[in-house]
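Structure first, then comments.
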Amino acid sequence: MALSVFDLYSIGIGPSSSHTVGPMRAARIFAEGLVADGELPRVTRVKAELFGSLGATGHGHGSVKAVILGLEGDDPATTDTSTYDDRVAAILDRQELDLAGRRRIRFVDDDVVMHRRQSLPAHPNGMIFTAYDDTGSELRARTYYSVGGGFVVDEAQAGADRVVADETALPYPFGTGGELLAICEREDMSVSDVMLANELTWRGEAEIRARLLEIWQVMVTCVDEGCRQEGVLPGGLKVPRRAPELYAKLCRTGSDDPLDVIDWVNLFALAVNEQNASGGRIVTAPTNGAAGIVPAVLHYWVRFAAKGRTPEQIDDGIVRFLLTGSAIGILAKMNASISGAEVGCQGEVGSACAMAAGALAEVLGGTPQQVENAAEIGIEHNLGLTCDPVGGLVQIPCIERNAIASVKAINAARLAIHGTGSHKVSLDKALKTMRETGRDMKTKYKETSRGGLAVNVIEC
């Protein structure tokens, strides 16, 4: 399979790529299929069933709302987050839904069924959509899996690890870190050079650059809004937003603290993840639960490490950063997983930490070997990390976890830059370990809110 940088970074909404973005995309795909097959005029009812982790924590992650608006034809990248909740409330109040935005059908709460204790075979995040005619006869039924990072696959694709049905021939295909390093050495290319050359298979360089800078601007806007929005996060835990107060403190003059930079990195991550937790517009990088790490580290580079560079040079660095990070994310997706429901938070925060660490190492002038080393450090020191969101919400421990991992990514990059790139544990071995650890991990520690902090912290 061929994966694009834009498969790893996509503009979407919070709070979860697996539970919000994926279900919305799946519902939209199903609705569009009814249009394409000519069945839409006959549909009078649609039923959506969510299984496994989706069924267990879907309410807290906004899965029901995402399914409803996806059936109406909404896309995570463009849906209006300011009217999101009001639209869903209006649909449920009038008990009618505009299927694919074209046909109004009856729709009630019971048309979305949450199977809390039942899973489908291919992946913990499974969904079944069924359309019926006015006699109750089935017109169309499809099974989809939300396999992490907003990726959606159906039963026709080869299992949960098949993330994109794209057999495009790339000039520099790689499936392991070892293969990527071999290409870099043979062709005298950086990691970002390899990713750019492969990306040119799908689109021109000007478009690639423009789209990556657009993604960066979404990240910037997300941080800016997160620093302004005050109050309490939705969902019942009454978690207060911390980014605005921290931002105000950091903007005051007179601080001689040499570690202020860490506070700024914490701020960037908190701002993004508080926006994500409130259902705001974010960039999936590579998931929503870990969406603050890549932006926080890239903000760090732009604000603190890129001083003296021209605006064009900074833009060049941003593009290289995102390209390098995506190469590492592709390796994590192909050889382990970025799904918390599949391997725990090591697959989300661990993968994002590795992406940010490797990307930072490159824009700091690191060799491909140092980039790979930085990414390996990022993964290695997140191995075994469980996914145990309190109340099924992407808030505790997820928000702080992004801040900690952002600082960890910077440290990983600096460790690698001060080394030769030679190290005992390869990125490939670390990813293999992550996959095996996730396979051995009990289900209750993988996004179901049945273990860890989720059962030891009293919800209030």
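Observations, loosely collected:
- Using alpha-carbon coordinates, inclination of helix 349-363 to the longest axis of the chain, degrees: 40 degrees
- Candidate cross-link partners of K432 among the lysines, defined by an alpha-carbon separation under 26 Å and a same-chain spacing of 8 or more, comprise K333, K408, K424, K442, K444, K446.
- Ordering Y132, Y9, Y445 from the fewest to the most neighbouring beta carbons within 10 Å gives Y132, Y445, Y9.
- For L139, the residues whose amide H sits under 5 Å from its own are A131, Y132, D133, ignoring neighbours fewer than 5 places away on the same chain, with H placed 1.01 Å from N.
- Helical runs assigned H by DSSP (4 residues or longer) give the chain a calculated mean residue ellipticity at 222 nm of -15000 deg cm²/dmol, each run adding -39500 (n - 2.57) before division by the residue total.
- Mean separation of Cα contacts under 8 Å (6+ apart) over length of region 318-460, as relative contact order %: 32 percent
- Ranked by the mean number of other Cβ atoms within 10 Å of their residues, highest first, the peptides 218-225, 362-369 fall in the order 362-369, 218-225.
- Region 218-359 shape via C-alpha gyration tensor axes, a/c threshold 1.5: oblate
- Ranking of F304, F107 by neighbouring Cβ atoms within 10 Å, starting from the fewest: F304, F107.
- Nonlocal amide H pairs with V112, under 5 Å, H built at 1.01 Å: A48
- Per-residue Cβ neighbour counts within 10 Å put K307, K429 in the sequence K307, K429, beginning with the fewest.
- Per residue, the average separation of C-alpha pairs within less than 8 Å and at least 6 apart gives region 177-456 a relative contact order of 20 percent.
- Taking a ≥ b ≥ c as the square roots of the eigenvalues of the Cα gyration tensor, an a/c ratio of 1.5 or more together with a/b no larger than b/c marks region 120-242 as oblate.
- Taking only the Cα atoms of region 14-154, the radius of gyration and Dmax are 13.6, 38 Å.
- Relative packing of 371-377, 113-119, 29-35, 134-140, which averages over residues the other C-beta atoms within 10 Å, highest first: 371-377, 29-35, 113-119, 134-140
Bear in mind that the values in this text are calculations on the coordinates, not laboratory data. Everything quoted here is computed from the prediction, not taken from an experiment. A quick note on method: Cβ atoms are made from the backbone with ideal geometry, for glycine too, and the neighbour counts reach across all protein chains shown.
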